[in-house]
Structures are given as C-alpha cells and as structure tokens.
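Single-structure report; data block below.
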Amino acid sequence: SLGGAEGHLRRRLELEPENWALRRQLGEAVLDTGDRDGGLYELELAMVGFELDGEIDHAQEVVDEILHVFPASVRHHQKRVEYAVRARDRERLIHAYLELADALFRTGAGDKAVSVYGRVLELDGSNSRAEFALVTLAPDELSRLRGAQSRPERWSDELEAISGNRAGARADAPA
C-alpha cells in the first residue's frame with residue numbers, strides 16, 4: 001500500500017536524512033497519496049539537497065518533476081534556468097527560458113515574459129517560438145532587438161488568422 005511505502009521511506013530517512021534520492025522517492029509517494037503540498041515539500045528538500053551537493057543534473061530532474069505537477073510555478077521555472085546556466089548547457093537554457101516566459105505570460109506577467117523572450121532571441125536569433133511571442137505581445141520590442149533586420153511581417157498571416165481575419169487579407173482591403 002502507498003501508506004506503507006511512505007512509512008517505510010520515512011523510517012529509512014530517519015537513518016539517512018541527507019539521502020536525497022530517498023527523499024525524492026518519499027516526495028513521489030506523498031504526491032501519490034494526493035498530498036500535493038507534502039509532496040512538493042519533500043521534492044523541494046531533495047532538489048535543494050542535490051543542488052548543495054553539486055549534483056545539478058539530479059536537481060534538474062527533480063525540478064522537472066515538480067514542474068510536471070505544478071506547471072505554473074514561476075519560481076521552479078527560474079530554478080530550471082539557474083540549473084541550465086550552472087550546467088553551461090545552451091540548449092537546455094534556451095528551453096528553460098522559453099518555459100519560464102510562457103509561465104510568466106500565463107500568470108499575468110506579460111512584461112516580464114517579453115523580457116525573457118527577448119533573452120531567448122539574444123541566445124538564438126532564429127528561435128521562431130520567441131519571435132512569434134514577441135511579435136504578438138510586443139512588436140516594438142522585436143523591432144528593437146532586430147534593429148534593421150526586423151521581420152514581424154513573417155507572422156502576419158498567422159496573426160490575422162488568430163484575430164479572425166482571412167489569412168493574407170488586409171483589414172483595410174475591400175472584401
């Protein structure tokens with residue numbers, strides 16, 4: 001039973017309180033019982049423990065697990081960015097920034113999301129996801145980032161389709 005597994009893990013942790021893999025297992029078991037707050041608490045302890053031990057890849061795995069359960073947690077998306085920086089993994093950093101920007105946008109912090117999408121374009125000038133987000137949220141910011149290379153018209157058909165206009169049709173053109 002889950003309750004038995006949880007009790008067993010807690011007893012083992014009394015003997016090895018800094019066994020972060022075991023702490024992670026406890027967090028997963030607690031989540032499985034439906035206790036989201038308790039599971040999050042144990043997973044965060046494991047994440048920080050791995051981080052303090054220099055095991056960034058394990059900390060990254062735990063933060064990914066936390067975000068699977070709590071996808072809107074901006075704080076955990078920021079941790080993911082931090083771990084990617086510490087691991088010096090450019091691709092993981094770009095992905096982490098994109099996910100952070102999306103979370104910021106979903107939680108109503110559009111201005112902060114714009115800044116993060118801009119950072120993505122600084123790292124990867126051809127990132128279409130960040131470019132589309134900026135042309136949608138802040139076309140002036142995209143123009144500023146692009147300078148003379150501004151390309152917001154690249155997304156004009158998609159934007160018109162989203163707004164309900166026919167793709168390619170201009171709003172001021174006769175029907």
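Just so it is clear, none of the values below were taken in a lab; they were calculated from the coordinates. Note that the coordinates shown come from a computational prediction; the quantities given were computed from them, not determined experimentally. All Cβ positions, glycine included, derive from the backbone under ideal geometry; neighbour counts span all protein chains shown.
Taking θ as phi - 60° and the Karplus parameters 6.51, -1.76 and 1.60, the scalar couplings of segment 31-38 work out to 4, 4, 7, x, 8, 5, 5, x Hz in sequence order, x denoting glycine and proline.
Distance between the modelled labels on Ala5 and Thr136, one decimal in nanometres: 3.8 nm (7 Å Cα→Cβ projection). For Asp111 and Phe70, the difference between the fully extended length at 0.36 nm per residue and the C-alpha to C-alpha distance is 12.6 nm. Counting Lys and Arg as +1 and Asp and Glu as -1, each charge on the Cβ, what is the dipole of segment 50-156 about the Cα centre in debye, to the nearest 20? Rounded to the nearest 20 debye, it is 460 debye.
I'd like the FRET efficiency for Arg88 and Glu18, computed as 1/(1 + (r/R0)^6) with the beta carbon distance as r and R0 of 25 Å, rounded to 0.05.
On the way: r = 26 Å, r/R0 = 1.06.
Efficiency, from the Cβ-Cβ distance: 0.40.
Computed about the Cα centre, the dipole magnitude for segment 5-112 is approximately 280 debye when only Lys and Arg (+1) and Asp and Glu (-1) carry charge, each at its Cβ. I'd like to know which of Leu121, Leu93, Pro17 lies farthest towards the positive end of the charge dipole of segment 1-126, counting +1 on Cβ of Lys and Arg and -1 on Cβ of Asp and Glu. Value computed over the given set: Leu121.
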